[in-house]
Amino acid sequence: VQLQASGGGLVQAGGSLKLSCAASGSDFSSFVMGWYRQAPGKQRELVALINNEGNIDYTDSVKGRFTISRDNAKNTVYLQMNSLKPEDTAVYYCNARITILAYWGQGTQVTVSS
């Protein structure tokens, strides 16, 4: 499985961005898909998860502002980010997981200016 993330960029605080992650290979609908982020000097952290049944989980700091979704017909997972804050600045990575296997995309930079 190869993952290609896109949609990052520079945005002012309060703005919005939508990240996309396109997956190659088959059986996309069976994967648990996630978005993670890593800010400079910090550990990578989970932002949002969506499983193969559509169940969703968010880290507390993005609840009410970010929305994860998936389109299994397009093998793509999205992260709609609204009301962005400077502390959301990070490299965002998509992740695909099934059983013990995990795959990572290359990351896309999100920078939120104050």
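The values are calculated or read from the model by the stated rules, or taken from the named source; none is laboratory data. Nothing here was measured: the structure is a model prediction, and the numbers come from that model. Note that each Cβ is placed from the backbone with ideal geometry, even for glycine, and that neighbours are counted across all protein chains shown. With ligands, DNA and RNA removed, areas are computed over all heavy atoms of the protein, side chains included. Shrake-Rupley method; radii C 1.70, N 1.55, O 1.52, S 1.80 Å.
Can you work out ³J(HN,Hα) from phi for every residue in region 62-74, in order, using Karplus 6.51 cos²θ - 1.76 cosθ + 1.60 and θ = phi - 60°, giving whole Hz and x for Gly and Pro?
So the Karplus estimates, Gly and Pro as x, are 10, 4, x, 10, 10, 9, 9, 8, 9, 10, 5, 5, 9 Hz.
List the aspartates and glutamates whose Cα sits under 13 Å from the Cα of Lys63, skipping any in the same chain fewer than 8 residues away.
Straight-line reach from Lys63, under 13 Å: Asp88.
Counting only DSSP beta bridges with both residues in the chain, what percent are antiparallel, rounded to the nearest 5?
Taking every DSSP beta bridge within the chain, about 90 percent pair in antiparallel fashion.
By the scheme Lys and Arg +1, Asp and Glu -1, what is the net charge of all other residues having a beta-carbon under 11 Å from that of Ser20?
Around Ser20, the surrounding residues sum to +2.
Do you know the relative contact order of the chain, to the nearest whole percent, from alpha carbon pairs under 8 angstrom that are 6+ apart?
37 percent
Would you mind getting the accessible area per residue of region 5-114, heavy atoms of the protein chains only, 1.4 Å probe, in Å²?
Result: 51 Å² per residue.
Need one number: convex hull volume per residue for the chain, Cα atoms only, in Å³.
Once divided by residue count, the hull of the chain is 93 Å³.
Leaving ligands, DNA and RNA out of it, report the carbon-plus-sulfur percent of the accessible area of region 1-98 at a 1.4 Å probe.
44 percent
Among 43-53, 7-17, how do they line up by average Cβ neighbours within 10 Å per residue, starting with the highest?
Details: 43-53: 15.7, 7-17: 14.1.
Averaged packing, sorted descending, gives the order 43-53, 7-17.
May I ask for the net charge around Ile50, where only other residues with Cβ less than 12 Å from the Cβ of Ile50 are counted and Lys, Arg are +1 while Asp, Glu are -1?
-1
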